[in-house]
Amino acid sequence: MTEQELDERVNRAVDNFMAGYGCCQSVVAAFSGLYGLDDTLAKKIAAGFGGGVGRLRMMCGAVSGIVMLVGL
């Protein structure tokens, strides 16, 4: 991935967040195309991580999203 492509995905994540999606949803959706997921499915998969794992607010949602993508 080029630096420009990475910047575009980061901007997509920021746009998703500014549109009201959680951090995890924003990150997973921004990179979903690389893993064969559509935007809607990616946001649904990541929706349960709003407020952190188990709503404990102890792990950043963006980190949770990255871990989900690594698993793919």
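The values are calculated or read from the model by the stated rules, or taken from the named source; none is laboratory data. Computed from a prediction, not measured in an experiment: that's the story for all the values here. No Cβ is skipped: glycine too gets one built from the backbone with ideal geometry, and neighbour counts run over all protein chains shown. The area values use the complete protein model at the heavy-atom level, side chains included, leaving out ligands, DNA and RNA. Shrake-Rupley method; radii C 1.70, N 1.55, O 1.52, S 1.80 Å.
Calculate what fraction, in whole %, of the accessible area of the chain sits on carbon and sulfur atoms when a 1.4 Å probe is rolled over the protein chains. Intermediate values should be presented prior to the final figure.
Details: 2860 of 4780 Å².
Its accessible area is 60 percent carbon and sulfur atoms.
Ignoring ligands, DNA and RNA, what accessible area per residue does the chain give at 1.4 Å, in Å²?
Computed with neighbouring chains in place, this is 66 Å² per residue.
What number comes out for the charge environment of Y21, summing +1 per Lys or Arg and -1 per Asp or Glu over other residues with Cβ under 12 Å away?
Numbers: positive: R12, K43, K44; negative: D15, D39.
The answer is +1.
For the range 35-42, in order, what is each residue's ³J(HN,Hα) by Karplus, 6.51 cos²θ - 1.76 cosθ + 1.60 with θ = phi - 60°, in whole Hz (x at glycine and Pro)?
In residue order, the calculated couplings are 10, x, 9, 7, 4, 5, 5, 4 Hz.
Once you charge only the Cβ atoms, +1 for Lys and Arg and -1 for Asp and Glu, what is the size of the charge dipole of the chain about its Cα centre, to the nearest 20 debye?
About 460 debye.
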